[in-house]
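A.B. asks: Okay, handing you the structure first.
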Amino acid sequence: MFLKAISGLLTYPQGQLISALPEIALLIENEPDLSAEHKNALMALVNELSQDDLLSSQETYVEVFDRGRATSLHLFEHVHGESRDRGMAMIDLRNTYEKAGLVLHANELPDYLPVVLEYLSTRSENEIRELLGDCAHILRKVGEALLDRGSHYSAVFATLLALVDEPGLVPTARRRPTAEEKSIDEEWAEEPVEFGPAAKPACNRAQAQSSVIRFVDRSH
């Protein structure tokens with residue numbers, strides 16, 4: 001239920017989301033696995049969405065998430081870019097959802113982070129931890145880009161990392177300087193995403209009858 005609430009915070013603001021904010025706030029306050037720091041950061045986002053007029057929230061969302069790859073909510077874009085492999089991976093992921101009983105609308109892309117979180121909200125804790133752990137480097141990169149912009153949306157990414165005991169977000173001033181800034185395509189080089197029986201043992205969950213997506217960072 002909590003992951004589904006978090007997924008809602010990352011969706012394009014509409015009346016349905018605004019109406020659900022009091023319920024989302026209650027779920028945040030009652031989540032036992034969250035520190036006060038993460039709860040306060042999430043509540044700052046909830047309050048922002050509650051207090052701003054809807055048009056302003058929508059403009060902010062477009063500015064934050066739809067103008068450049070660095071903060072894209074489409075996870076496979078960070079892994080595959082615009083290559084043909086991204087399309088094939090999304091077909092496989094959509095099939096995985098359907099086997100689990102999650103049927104997407106025609107205009108929904110399966111690698112959209114809110115959809116991934118909605119799917120995970122129905123899965124076991126082990127599967128949640130494995131998938132979020134696998135894509136932690138992507139969540140961190142996007143979260144830190146949002147943190148650098150002063151966006152309250154960064155709280156969602158910090159929370160997801162905390163839930164699976166991954167290192168949190170680091171502000172620019174505290175990050176280790178790199179000799180050369182790499183493009184996002186270079187940092188998140190493509191690794192084949194495997195599903196079903198052909199997947200590696202760590203990716204194949206016979207008991208859950210579903211496959212875990214693998215996101216591998218080659219930059220380290």
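A.B. asks: Within region 53-62, identify whether any single residue is within 19 Å of the chain's Cα centre (by Cα), of a type in the set (Ser, Thr, Tyr) and modelled with pLDDT of 95 or more, and answer yes or no.
C.D. replies: Within region 53-62, one or more residues are within 19 Å of the chain's Cα centre (by Cα), of a type in the set (Ser, Thr, Tyr) and modelled with pLDDT of 95 or more.
A.B. asks: Hey, among Ala106, Ala89, Ala70, which residue is buried (at least 19 other Cβ atoms within 10 Å of the Cβ) and over 24 Å from Ala5 (Cβ atoms)?
C.D. replies: Going through Ala106, Ala89, Ala70 in turn, just one is buried (at least 19 other Cβ atoms within 10 Å of the Cβ) and over 24 Å from Ala5 (Cβ atoms): Ala89.
A.B. asks: A follow-up question, please. Quick test for you: out of Leu117, Leu139, pick the one residue that is assigned to a helix (DSSP H, G or I), crowded, with 18+ Cβ neighbours inside 10 Å and without any contact (Cβ under 8 Å) to a residue 40 or more places away in the chain.
C.D. replies: Leu139
A.B. asks: Next up: Select, from Ser35, Ser7, the only residue that is buried (at least 18 other Cβ atoms within 10 Å of the Cβ) and either among the aromatic types (Phe, Trp, Tyr) or in contact (Cβ under 8 Å) with a residue 24 or more places away in the chain (or both).
C.D. replies: So the residue among Ser35, Ser7 that is buried (at least 18 other Cβ atoms within 10 Å of the Cβ) and either among the aromatic types (Phe, Trp, Tyr) or in contact (Cβ under 8 Å) with a residue 24 or more places away in the chain (or both) is Ser7.
A.B. asks: Additional query: When residues of region 1-20 are filtered for being assigned to a helix (DSSP H, G or I), within 17 Å of Thr122 (Cβ to Cβ) and not charged (D, E, K, R), how many remain?
C.D. replies: Residues flagged as assigned to a helix (DSSP H, G or I), within 17 Å of Thr122 (Cβ to Cβ) and not charged (D, E, K, R) within region 1-20 amount to 6.
The values are calculated or read from the model by the stated rules, or taken from the named source; none is laboratory data. Please read these numbers as outputs of a predicted model, since none were measured by experiment. Every residue, glycine among them, receives a Cβ derived from its backbone with ideal geometry; neighbour counts consider all protein chains shown.
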